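Each remark here refers to the structure printed beneath this line.
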């Protein structure tokens, strides 16, 4: 190992669990118990006077609740303590202005999850090239997909270990998210070239050097047809439901099938984004993106009763397309991946990058003839090229003229890395 500066890194890794119906039932019971524990804590917090809202009083309350309510006993004691700590941390984040106040967790609106706070309880082993096994408290030994090397067995140590995990359920089933802590050398400065990035809808990612990253539909034609059929079936069954009548099991099943297809599309989008951002971070040392205000870009055009908006349906379709491309998630991935590989990510002001000519630097009305072609109307220039590459070149030019800044997320990644001395220097 190099004698350079070492740093501790913490990251998460999510894998799919292969559970039997009995194991799924046990996990569901624990997740519902954890959600109920949260709701009981929330009710206790609202009833107690301010001077009694302490961690010790809350701990005594949940211990008593686990004795009085039978189904809460299926939740392991350590997982119940994690629910308590998470609830108090949520209030601290609220008081410090980082989040909203904690709320009641509904049965169908909340993500089902269970924490395993101690990594040593997992007893992870690799049994096959594609499968590993882990111990889940009060469930037993379960299999999970082995898609990334984890610090287990002889590769584990005080500085390289799994510190805990969380079981999470989505429309595709149960998954396990490991919390991993590793010790590695601080990356050397990336020697790759500089690149500007323009994000869009027709061309998701265009680079200033002419490279583009595109993707097709996340669902196949057959899957899209099935999704449309399920949505129509759900609308029909909902229309025939009487006011105040409970949702039928058939309608719930249809909703689950719709959620499964949408989750599959989301997973494919995540995979494409991870592969694309990893390739960019490995190739380029300096990555420059636009500082977009996405919340303003996806704001509805409905307007008010006195002043109704125009082209509301078209704007709603544009908003769905922008949200579907998840530009903010792309920037977040690039931020931490460039930092881990020794590169840097910068943001530049977004206004005018798509209308300015990257050859002469002049913004002339009518130069953006179409969505794909840029023709400079300046009589002294007349440059013609791809509109997305033109915007990416403008983004890189703004960085080179000194109008860039490092995003706060990137500074946080660097600040969280704890630097320690190498073993030889201790």
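Every read-out reported here was derived from the displayed coordinates using simple, explicitly stated rules and does not represent laboratory data. A quick note: this is a predicted structure, and the numbers were derived from the prediction, not measured. All Cβ positions, even for glycine, are placed from backbone atoms using ideal geometry, and neighbour counts span all protein chains on display.
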### Message
In Å, what Kirkwood hydrodynamic radius results for the stretch 320-363 from the alpha-carbon pair distances?
### Response
12.8 Å
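On full extension of the chain, what length is gained from residue 148 through residue 99, given 0.36 nm per residue of separation minus the C-alpha to C-alpha distance?
Numbers: separation 49, 0.36 × 49 = 17.64 nm, distance 3.23 nm.
Here the segment from residue 148 to residue 99 would lengthen by 14.4 nm.
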### Query
Which ordering of 399, 284, 255 is given by a fewest-first count of other beta-carbon atoms within 10 Å?
255, 399, 284
### Query
Angle, helix 221-239 long axis vs. longest principal axis of the chain, Cα atoms, 0 to 90°, nearest 10?
60 degrees
### Length-normalised contact order for the chain - Cα pairs under 8 Å, 6+ apart - percent
18 percent
### Query
Which order results if 323, 370 are arranged by neighbouring Cβ count within 10 Å, fewest first?
370, 323
### Query
Between the stretch 114-169 and the stretch 14-71, what's the alpha-carbon centroid distance in Å?
23 Å
### Task
Using only Cα atoms, tell me the angle between helix 327-340 and the longest principal axis of the chain; keep it within 0 to 90° and round to the nearest 10.
80 degrees
## Note on the structure
The helix 55-68 Cα axis meets the longest alpha-carbon principal axis of the chain at an angle in degrees, between 0 and 90 and rounded to 10, of 60 degrees
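Compute the projected area of the convex hull of the Cα atoms of the stretch 49-118, averaged over all viewing directions, and report it in nm² to one decimal place. Before the final figure, lay out the partial values.
On the way: hull surface 23.8 nm².
Result: a mean projected hull area of 6.0 nm².
For the stretch 6-185, what percent of Cα pairs sit more than 29 Å apart? Kindly include the intermediate steps, with their values, before the conclusion.
On the way: 4564 of 16110 pairs.
So the portion of pairs separated by more than 29 Å is 28 percent.
What FRET efficiency comes out for residue 9 versus residue 268 if R0 is 30 angstrom and r is the Cβ-Cβ distance? Round to the nearest 0.05.
Working: r = 27 Å, r/R0 = 0.91.
So the FRET efficiency works out to roughly 0.65.
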### Query
In which sequence would 367, 332 go, from the one with the fewest C-beta neighbours within 10 Å to the one with the most?
332, 367
### Message
Based on alpha-carbon centroids, what's the gap between the stretch 237-285 and the stretch 176-218 in Å, whole number please?
### Response
24 Å
### Task
Could you tell me what % of all Cα pairs in the stretch 82-225 have separations over 25 Å?
59 percent
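Kirkwood Rh over Cα pairs of the stretch 1-108 into Stokes-Einstein at 20 °C, 1.002 mPa s: D in µm²/s? Before the final figure, lay out the partial values.
On the way: Rh = 16.4 Å.
Roughly 131 µm²/s, to the nearest whole number.
When N is the residue count of the stretch 188-279, what does its C-alpha Rg come to as a fraction of 2.2 N^0.38 Å? Present the calculation step by step, with values, prior to reporting the outcome.
On the way: Rg = 20.4 Å, N = 92, 2.2 N^0.38 = 12.3 Å.
It is 1.66.
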### Task
Could you give the C-alpha radius of gyration of the stretch 113-180 expressed as a fraction of 2.2 N^0.38 Å, taking N as the number of residues it contains?
1.06
## Note on the structure
Between residue 68 and residue 299, Cβ-based FRET efficiency (R0 35 Å, step 0.05) works out to 0.15
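If you wrap a convex hull around the alpha carbons of the chain, what volume per residue comes out, as a whole number of Å³? The partial results should precede the final answer.
Numbers: hull volume 97.6 nm³, N = 426.
About 229 Å³ per residue, rounded to a whole number.
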